[in-house]
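Please treat every number below as a calculation from the coordinates, not as lab data. All values reported here derive from a predicted model rather than from experimental measurement. All Cβ positions, even for glycine, are placed from backbone atoms using ideal geometry, and neighbour counts span all protein chains on display.
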Amino acid sequence: MNSSAELNLALAVAPAVLMLLAAGRVWRSQAPVRRLWRQFNALALAGLGCALLALVSQLLLAPVAVAPDTTLTGWLAATQFGAWVSLLVQLLGAAIGLYSAHHLAGEPRQTVYMAALAAVLAAVHVLLLANHWAVLIVAWAAIGHAMHALLCFYPDRPFALLAAHKKRVTDRVADALLVAAAALAWSQVGSGSLSDLWAYIAAGHASATLAWSGVCLVLAVIARTALMPVHGWLVQVMEAPTPVSALLHAGVVNLGGYVLVLFAPLLGVSLAARWLLVGFGLVSALVAGLVLLTRVSQKVHLAWLTIAQMGFMLLECGLGLYLFAALHLLGHSLYKAHNFLNASSTVRECQRKLATGEARNSALSMVLAVPLALGVVFALQLALGSHAWPWWWSAILALAWAPLLWVPQAKSARAGLLAVRFAMALVMAASFTLVASIIDRAPIGAGSDPLAPAGVLALVGMGALYLGMVVFQLWPQAVVTVRRWVYAGFYMDEGYTHWVLRLWPTAWAGAGRPPVPLAWSLRDSASLRVKS
């Protein structure tokens, strides 16, 4: 190992070591809680500094490459994309620590919270350094075990216990699938090192064994990222403290996207795995995108938004757009952390809307938004010259920008204000396209391998989602029956909850009481549904 590689690895390992030190210090200390919070936050900020130095070291000293640096040890490897995510995770951890010190003031079991939070951050950093199947499996399992303590911070809340139990069952299934993926790849390559796996695939080797390994890996990631139909626990963990929701939605759930970007070479030899990502990701994005239109609780709305975003991120990986998935991961994490930690401001926004009223959008603007957005995206791409984006991805981006061009009905605002708003929306759509074109060349450490047939299918699906949004906006009363099904997420979680409690019962509805067998049907499903 050369000196630059040693420095990269040492800096990358430092945040994990500091967070382990924080967990051990809190767990063994009898000091006052305020002093422990000061120590925790000091170590978290020190870890943030190390993560920043690790990224700078990667950008300046390490070669820009998509694959992990094979000159490092067979167990751990510092990668460019891993350095970006590590900095993001430690930034979130430090912000959540500072926020929690005030948010949880006076709460019991704060030391348990601090120890579990530090353990989650340490395990995430280890996962980001994993260059061996064993390290990846152990680190991901450790994250789940540490998160369980945070999700059950209020052990007297039944739905918190139910959500944590459903997540635990889902995680154990994901662990088994990950072990199966590792066993299949290990048996084919003859080594558990991920660098050896990348080299084996790069040499042109492909087989049914590796294809099945990719399928098992993808199914494990689908379970870990709470895609439908195993998504319910992500909505029900709203019973946990707000900082826990921020950590889960902005950091932990996103790790599935990181793993898929890391395993892009394996997905490249497993077409079935990529189609699984496209199928599950597209369905989750479509259904969750419609469900969140029917929810009014801010935290529940954000939870469904996370499911939709995770579905879209995994869809991007299935389409082979790994760079966009990486950028999506980074952007979504920052956005979601800010939204959860700033959720209380929604009360003031609701009061403003009640005072001023909400304007309905113009039907004409909804119809014209798509062709205008398409014109903006394709015109900018033509002006910028040749570009690596497939045409169907440009069309999907245009559908994403189209709601920006919706304007209120003429009777709800003056014509001059509507013109100004529409012009600003066009500028925003053009700016987003330009920014996407620029960051598409950013040194993130991810590439692209487009899958055209799946891209066309994704375009059709995104078009259907846009049409559903328009219908819900224009004719809300005409789709009352459909809205009930959409509100419930088509009852997928109720069915999944029924089978989880039947196969692995737990006493969640009351302390110490045995679980009551649940008869499930569409009529009595409301007994398990979390009211928003």
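Gain on full extension, evaluated as 0.36 nm per residue between residue 452 and residue 428 minus their Cα-Cα distance, stands at 5.8 nm. Taking each residue as 0.36 nm, the span from residue 297 to residue 480 lengthens on full extension beyond its C-alpha to C-alpha distance by 63.9 nm.
At 222 nm, what helix-only mean residue ellipticity would the chain give, in deg cm²/dmol to the nearest 500, using -39500 (n - 2.57) for each DSSP H run of four or more? Display every interim value, and only then the final one.
On the way: 22 runs with 374 residues, N = 532.
So the calculated ellipticity at 222 nm is -23500 deg cm²/dmol.
Here's how it looks for residue 132: its modeled amide H is under 5 Å from those of 194, which are all 5 or more places away or on a different chain. Under a point spin-label approximation (7 Å from Cα along Cα-to-Cβ), what is the residue 172-residue 207 distance to one decimal in nm? Label at residue 172, label at residue 207, 3.2 nm between them. Pairs of lysines in the chain whose Cα atoms sit within less than 21 Å of one another amount to 9, provided the residues are eight or more positions apart or on different chains. The protection proxy used here, the mean number of other Cβ atoms lying within 10 Å of each residue, ranks peptides 33-43, 480-490 as follows, highest first: 33-43, 480-490. Placing dummy labels 7 Å off each Cα toward the beta-carbon, the span from residue 154 to residue 30 is 3.2 nm.
Compute the relative contact order of the chain as a whole-number percentage, counting only Cα pairs closer than 8 Å that sit 6 or more residues apart in sequence. Before the final figure, lay out the partial values.
Details: 736 pairs, mean separation 77.3, N = 532.
For the chain, the relative contact order is 15 percent.
Send over the Kirkwood Rh of the chain, from the inverse of the averaged 1/r over different Cα pairs, rounded to one decimal Å.
Working: mean 1/r = 0.0410 Å⁻¹.
So the Kirkwood estimate lands at 24.4 Å.
In terms of packing, defined here as the mean over residues of other Cβ atoms within 10 angstrom, the peptides 373-383, 248-258 line up highest first as 248-258, 373-383. On the basis of the beta-carbon distance and an R0 of 35 Å, residue 42 and residue 75 show a calculated FRET efficiency of 0.75.
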